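The values are calculated or read from the model by the stated rules, or taken from the named source; none is laboratory data. Computed from a prediction, not measured in an experiment: that's the story for all the values here. Neighbour counts run over all protein chains shown; Cβ positions are idealised from the backbone, glycine included. The protein model used for the area step is the full one, side chains on, heavy atoms only, and it has no ligands, DNA or RNA in it. Shrake-Rupley method; radii C 1.70, N 1.55, O 1.52, S 1.80 Å.
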Amino acid sequence: MSQVSIKPLTWVGYFEGISFLLLLGIAMPLKYQMGIVAPVKYLGMAHGVLFMLYVYMLMSTAAKIKLPLWAMPSGVLASLLPFGPFVFDKLLKRSLNS
């Protein structure tokens, strides 16, 4: 039951994590090595929107189901790290299943 309730959080987390990796791995090198700034502008904007949506979904999920106490601060911290949302999602699902 709890995994069904966190499915939207999982999807938004995946998209947010992918946008961050694209920003760091593709857009930033294009900007600083080749002088192409457009990818940073557009991927940065998309990542910002997805980050805000991720934090909103984290708060919304916490309000709907009883998340562990560590989940809210860990989820926000994870969104600031490359691959963080993927690791957070796995740990959260493991915690809710046990």
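Please count, across the chain, the pairs of lysine residues with Cα atoms under 30 Å apart that sit 8 or more places apart or on different chains.
Close lysine pairs found across the chain: 10.
In vacuum, with every alpha carbon of segment 1-40 counted as one equal point scatterer, what does the Debye formula give for log10 I(q)/I(0) at q = 0.17, 0.35 Å⁻¹? Two decimals, please.
Log10 I(q)/I(0), no solvent term: -0.53, -1.00.
So between V76 and K64, what do we pick up on full extension, going 0.36 nm a residue minus the alpha carbon distance?
Working: separation 12, 0.36 × 12 = 4.32 nm, distance 1.76 nm.
Between V76 and K64, full extension yields 2.6 nm more.
Can you tell me the orientation of helix 7-22 relative to the chain, as the angle in degrees between its alpha-carbon axis and the longest Cα principal axis, to the nearest 10?
The angle comes out at about 20 degrees.
Which ³J(HN,Hα) values in Hz, rounded to whole numbers, follow from the phi angles of segment 69-78 under the Karplus curve 6.51 cos²θ - 1.76 cosθ + 1.60, where θ = phi - 60° and Gly and Pro get x?
Each residue of segment 69-78 in turn: 4, 6, 5, 5, x, 5, x, 5, 4, 4 Hz.
What is the sum of charges around F88, taking Lys and Arg as +1, Asp and Glu as -1, for the other residues whose C-beta is under 12 Å from the C-beta of F88? Could the numbers behind the result be given before it?
Values: positive: K90, K93, R94; negative: E16, D89.
Taking every other residue near F88 into account, the sum is +1.
With springs connecting C-alpha atoms under 10 Å apart, model the chain as a Gaussian network and identify which of G84, G35, G25 has the largest mean-square fluctuation.
G35
Just to check I understand the Karplus step: with θ = phi - 60° and J = 6.51 cos²θ - 1.76 cosθ + 1.60, what whole-Hz values come out for segment 91-98, glycine and proline as x?
5, 5, 4, 4, 5, 6, 7, 8
Just the number please: accessible area per residue for the chain, 1.4 Å probe, all protein chains included, in Å². Walk me through the numbers before you get to the answer.
Details: 6150 Å² over 98 residues.
Dividing the accessible area of the chain by its residue count gives 63 Å².
Please report the carbon-and-sulfur percent of the accessible area for the chain; probe 1.4 Å, protein heavy atoms only, DNA, RNA and ligands left out.
Numbers: 4580 of 6150 Å².
Answer for the chain is 74 percent, counting heavy atoms of protein chains only.
Starting from the eigenvalues of the Cα gyration tensor, five times each then square-rooted, give me the equivalent ellipsoid semi-axes of segment 38-77, largest first, whole Å. Provide the component values of the computation, followed by the final result.
On the way: eigenvalues 144, 20, 3 Å².
Semi-axes (√(5λ), whole Å): 27, 10, 4.
Which label marks the calculated value of Kirkwood radius over Cα pairs in Å, given the options [x] 14.0; [y] 14.9; [z] 16.5?
The value computed from this structure is option [x].
From the phi angles alone, apply the Karplus equation (6.51, -1.76, 1.60; θ = phi - 60°) to segment 85-90 and give each ³J(HN,Hα) in whole Hz, x where the residue is Gly or Pro.
Values, residue by residue: x, 5, 5, 4, 4, 5 Hz.
How big is the charge dipole of the chain about its Cα centre, in debye rounded to the nearest 20, if each Lys and Arg gets +1 on its Cβ and each Asp and Glu gets -1 on its Cβ?
Numbers: 8 positive and 2 negative charges, 38 e Å.
That gives a dipole near 180 debye.
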